[in-house]
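Read through the structure below, which is laid out as structure tokens, and then see the notes.
The values are calculated or read from the model by the stated rules, or taken from the named source; none is laboratory data. As the structure is a prediction and not an experimental result, all values here were calculated from the model. Cβ sites come from the backbone with ideal geometry, for glycine too, and all protein chains shown count toward neighbours. Please note that ligands, DNA and RNA were not included when accessible areas were found on the heavy atoms of the full protein model with its side chains. Shrake-Rupley method; radii C 1.70, N 1.55, O 1.52, S 1.80 Å.
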Protein chains: 6
Amino acid sequence: MKVIFPGSFDPPTNGHLNVIERASRVFDEVEVVIGDNGEKTNLFSAEERKEFLEEITADIDNVKVAVTDSLIVDYAQKVGAKVMLRGVRALTDFGYEFELAMMNKSLYPEIEIMFMPTDPKYFVIRSSSVNELARMHGRVKGLVPPCVEEALKKKFKYPGA
Amino acid sequence: MKVIFPGSFDPPTNGHLNVIERASRVFDEVEVVIGDNGEKTNLFSAEERKEFLEEITADIDNVKVAVTDSLIVDYAQKVGAKVMLRGVRALTDFGYEFELAMMNKSLYPEIEIMFMPTDPKYFVIRSSSVNELARMHGRVKGLVPPCVEEALKKKFKYPGA
Amino acid sequence: MKVIFPGSFDPPTNGHLNVIERASRVFDEVEVVIGDNGEKTNLFSAEERKEFLEEITADIDNVKVAVTDSLIVDYAQKVGAKVMLRGVRALTDFGYEFELAMMNKSLYPEIEIMFMPTDPKYFVIRSSSVNELARMHGRVKGLVPPCVEEALKKKFKYPGA
Amino acid sequence: MKVIFPGSFDPPTNGHLNVIERASRVFDEVEVVIGDNGEKTNLFSAEERKEFLEEITADIDNVKVAVTDSLIVDYAQKVGAKVMLRGVRALTDFGYEFELAMMNKSLYPEIEIMFMPTDPKYFVIRSSSVNELARMHGRVKGLVPPCVEEALKKKFKYPGA
Amino acid sequence: MKVIFPGSFDPPTNGHLNVIERASRVFDEVEVVIGDNGEKTNLFSAEERKEFLEEITADIDNVKVAVTDSLIVDYAQKVGAKVMLRGVRALTDFGYEFELAMMNKSLYPEIEIMFMPTDPKYFVIRSSSVNELARMHGRVKGLVPPCVEEALKKKFKYPGA
Amino acid sequence: MKVIFPGSFDPPTNGHLNVIERASRVFDEVEVVIGDNGEKTNLFSAEERKEFLEEITADIDNVKVAVTDSLIVDYAQKVGAKVMLRGVRALTDFGYEFELAMMNKSLYPEIEIMFMPTDPKYFVIRSSSVNELARMHGRVKGLVPPCVEEALKKKFKYPGA
């Protein structure tokens, strides 16, 4: 079974990576899909985010990365994916995720949305918190993969980076 | 990929059936596992619950039903299941489910727990509510499969049943 | 418009009374309905609870008190009530109440369930907490109406009561 | 009893319409009040939103539509409304709604805020999600009334619209 | 400042121990208070629970252990404690804890209730889950201190224990 | 024990003041720390917020006020504070607060984050709601200290202010 794992991944965190790795052991094929709605002001471009994800999943054979500017359910239909995977980091995410799942299912009834709980070790990592932290030159090591850490340090001009 | 779908199913509801049907289209094999801890006072015996589940899943080839008196993670290990499936009915279930997932994962780190949201049509159905309803001779049609409806009416001596 | 305000009221608290008073100013007729399922072990009998409620609502013309051993939706249909009122004490009640509302609405689609938030002054009062408190001879004054306070002190043999 | 049903209705959804219809059967008079704070960047002007609401409630005698740039509690006092109605779509709304209710009650103690649960069929519809969906030319049929659907298609230049 | 840390500790877990250790570094004196209401059917007697807690806190100078059959706020007043500490394990505990805090504060207004978040490493451990696990001979090592582990194995007759 | 009480305090409310007063009775020294990240568009400047806080805490000997543009955990380390205090206003705050606490603890493991529940009397007051209210010339008396009330009336040009 092929699943898509959609998100903005701006940037991808170690929490995302953990979900991708675990999903790659459960499903035949995992397609990480970066939403590029062109409206939100992202920190990294869709192309940069794609490169991060490709680098950090390079060793996992059944994972590929794509970018889409379509509605995610339309993309799922186009590539013939029947399962959409969402990571959930404890309770705080779940209300929103559940609502999104129901909305997506009403648009594309054949799709199944499955939630995978984030490993507690990563459950406090949220892309937006990482960015806020980096903006103030906080320590992001361990929260994001090395290539993202490096990019954040460049972007926010860490002293000595 | 083989998944187990554990629960007490006392009795199985249309919400359970909905999750089983959808899971059978996502995973290669779904094993519905009835927990029989011998401690809780159940309405139906493990054997009766197994019969209900076998009857209502008779048409789905890749579903089978089992009973266990072991810890569910021990059972999963024994049968070589790497994924445990849980249905979640909106927010109210999730806190408990998340905690249970983390506990199970700490006991058997290789297992993945995946949550599948219940179809909104069924999200108000909980076995215990069905039983309470039946106890007062309420209308359970549409909440549970016909064989369970019949058994509840007998058990609670509905007038005319 | 006539509304019913169902509950177990074991015993009625000042929070209940506050909801009843406010509801009596919004609706033409408020019928407080004590559920007497005969299964739960209540602290006070349905008859005692009815007396408490009648005493504390004696001054409110459009409030009456009833006891039923039917499903509450069946009772609502029998007395022709189209609105069921529920008090909600902050977030902790709401998940359960919402689920109950949906279940009741699926059994009797014409009924409307409306939630009235408890006054913050009373929002920590729950009948079961009051009972636990009284069991240990805690101070229940201000949590329950005087007649209930007196009954609790007798029931739990407060020293000097 | 007259109630006001305040909101931004940007745009009104089928969920809003469902609450309005049901409220019109419970209360003598329902006044839908569009908040026009002039600060937020709305998709539709207050005037457009008023037209949508008037069109979709044209058949319900005891519903009228108004626009206000006052605080909603000041408006309520001005028109002599003692009850403010809010729709709640499952748990996710409730925390915010409860807080808002308490704030409004502290500003205008005589007002009663009542919550009406959204029909599960509509519970995933949120104006902002509808707008985001329409921005990407998703299918909004069934989520909003026909006149709103048409306006969204024009606004977002759906192909063939 | 002296704080009390009340609970049933049936049995104490590594999560409890973690809170006690951390609290002992924040406050001058920490009194762990075991509630012995004599009503609940506990797994371990108050005396056994006291022994567990004394053993596992033996090395922490400013911690002592007590048992009370009074209301906890009465006990706090008697021993002159102005702060009551509660551990909170993520969101699921908080609703209940908040309510309890408000109730206690209404009974004894001078008391301050402070919440200390459980270390994520321990946040899935709940005494009742540990007991249920032990009842089925599950692995409790790492969830509870060694002396409790041993007692659970004896109590539930683990094979080879 | 010295604690820091960080926040944006834009502006400080009576809820903040209530937490500060209570904390000053529990801890030896309370340092209120205003975050000045220079990014967010605040209503009041860091300097103005400092003046408000100094005025309203002038009578409490062991409270002082500071402004920082560092990460709060870096500031805590610099001033040698081992405890960070957060006020929590019922359930709605807690998910976010818990996540923030875990993030901060992962950056500075020696710090302890403690939550103090807001007095129910103040629990509906949020700085952003106060500002929105003031923007519409609503009544903010009782929600904020007199000096803040005056400043809000000037800022938003209340008629007669």
Single unsatisfied condition, D:VAL83 versus (1) touching a Lys or Arg at 6+ places or on another chain (Cβ under 8 Å); (2) within 14 Å of chain A (Cβ to nearest Cβ): (2)
Filter pass, C:LEU152 being open to solvent by less than 10 Å² (accessible area, probe 1.4 Å), hydrophobic (A, V, I, L, M, F, W, C), closer than 30 Å to B:VAL144 by Cα and in contact (Cβ under 8 Å) with a residue 60 or more places away in the chain: no
Extreme residue, nearest to D:THR118 (Cα to Cα), among residues of region B:132-146 that are away from chain C (no Cβ under 11 Å) and within 15 Å of the chain's Cα centre (by Cα): B:VAL144
Scope region E:57-74; condition closer than 26 Å to F:LYS121 by Cβ and modelled with pLDDT of 95 or more; matching residues: none
Residue selected from region A:119-143 under the condition touching a His at 6+ places or on another chain (Cβ under 9 Å) and closer than 17 Å to A:GLU21 by Cα, by the criterion least open to solvent (accessible area, probe 1.4 Å): A:ILE125
Residues satisfying the stated conditions in region E:92-118, i.e. open to solvent by less than 40 Å² (accessible area, probe 1.4 Å) and within 14 Å of chain B (Cβ to nearest Cβ): E:ASP93, E:PHE94, E:GLY95, E:GLU97, E:THR118
When residues of region D:92-106 are limited to those that are in contact with a helix residue (DSSP H, G or I) (Cβ under 8 Å, 6 or more places away or on another chain) and of a type in the set (Ser, Thr, Tyr), the one modelled with the highest pLDDT: D:TYR96
Subset of region F:143-156 (residues that are of a type outside the set (A, V, I, L, M) and within 10 Å of F:THR13 (Cβ to Cβ)): F:PRO145
